[in-house]
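The values are calculated or read from the model by the stated rules, or taken from the named source; none is laboratory data. Bear in mind that the values here come from a model prediction, so they are computed numbers and not experimental data. Cβ atoms come from the backbone with ideal geometry, glycine included; neighbour counts cover every protein chain shown. Heavy atoms of the whole protein, side chains included, go into the accessibility calculation; ligands, DNA and RNA do not. Shrake-Rupley method; radii C 1.70, N 1.55, O 1.52, S 1.80 Å.
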Amino acid sequence: MREREAYHHGALPEALVAAACEVLDEQGQEKVSVREVARRAGVSAGAPFRHFADRQALLTAVADRVLADFARWQEAEVAAAEAVGGSAMRALGLGFVRYALRHPRRFELVRSRAFTATRDPELREQLDGLDRAFAGLVAADQRAGLVGPGDPKLVLLAGQALVYGLAQMIVDGYLPAERAEELAVRVLDTFREGIAGTAKPPVR
């Protein structure tokens, strides 16, 4: 009955992706199987294949959902920072680290499917949209004098490299999770002060 209702309302793909996200958060992407996702969604083992060609297609759909969730997360981080006159670029960096810390398995999924030489074509449009939006926020910081001049895309890339590495070091356990936010704040402030040109020159 649940399977028929899901098809009737056209909600089965969403239900399957939601179930896959549950497995991802609980056990990691290696444990996301079509059979387990179907079981959790309350449908037959073959039902998911009417919407997803294989497990990889299902994981791509999950990554797409995670990216959408990440975008909303970052919007909230930026809005909170801008409300008190803070830097959007700093908020983006801190938001990236916070998201990876709270959702390490989602971070690993996106890392393996988006931060690679060959991005999934299904994810490229959303990733490109995020890059454009974030570069626009960096440019806005530059106009406000919160970040120094330069190509916003290059500044964004430098910031992404920084927070990606920082997040990976935290997720891997190289940096202590209990100090993650403190370290992220200090590193991001050092980076922003440097590119903003406000850092004092070294004494010779």
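Points to keep in mind about this one:
- Extension gain, Glu193 back to Ala158 (0.36 nm per residue minus Cα-Cα distance, nm): 11.2 nm
- Net charge dipole, segment 50-148: roughly 300 debye, given to the nearest 20, about the Cα centre with Cβ charges of +1 for Lys and Arg and -1 for Asp and Glu.
- Evaluated with a Cβ-only charge set (Lys, Arg +1; Asp, Glu -1), segment 28-84 carries a dipole of roughly 520 debye about its Cα centre, given to the nearest 20.
- Order by protection proxy (mean Cβ within 10 Å, highest first), peptides 13-19, 58-64, 46-52: 58-64, 13-19, 46-52
- Between Thr118 and Glu26, the FRET efficiency from the beta-carbon distance, with R0 = 41 Å, is close to 0.90.
- Comparing Ala114, Ala133, Val34 along the charge dipole axis of the chain, the residue lying farthest to the positive side is Ala114, per the Cβ-charge model.
- Euclidean distance between Cα centres, segment 15-30 to segment 97-127, Å: 15 Å
- Simple point charges give the picture: +1 on the Cβ of Lys and Arg, -1 on the Cβ of Asp and Glu, and for the chain a dipole about the Cα centre of about 200 debye.
- Options (i) 74, 33, 33; (ii) 54, 44, 29; (iii) 56, 36, 29 - which one matches Cα extents along the principal axes in Å as calculated here: (i)
- Full extension of the chain segment joining Glu14 with Trp73 gains 19.2 nm, where the gain is 0.36 nm per residue of separation less the Cα-Cα distance.
- Heavy-atom accessible area per residue - the chain, 1.4 Å, Å²: 56 Å²
- Degrees separating the helix 152-171 axis from the principal Cα axis of the chain, which is the longest one: 60 degrees
- Between helix 55-83 and the chain: long-axis angle, C-alpha atoms, 0 to 90°, nearest 10: 40 degrees
- Axis of helix 12-27 versus longest Cα principal axis of the chain: the two differ by about 60°, to the nearest ten degrees.
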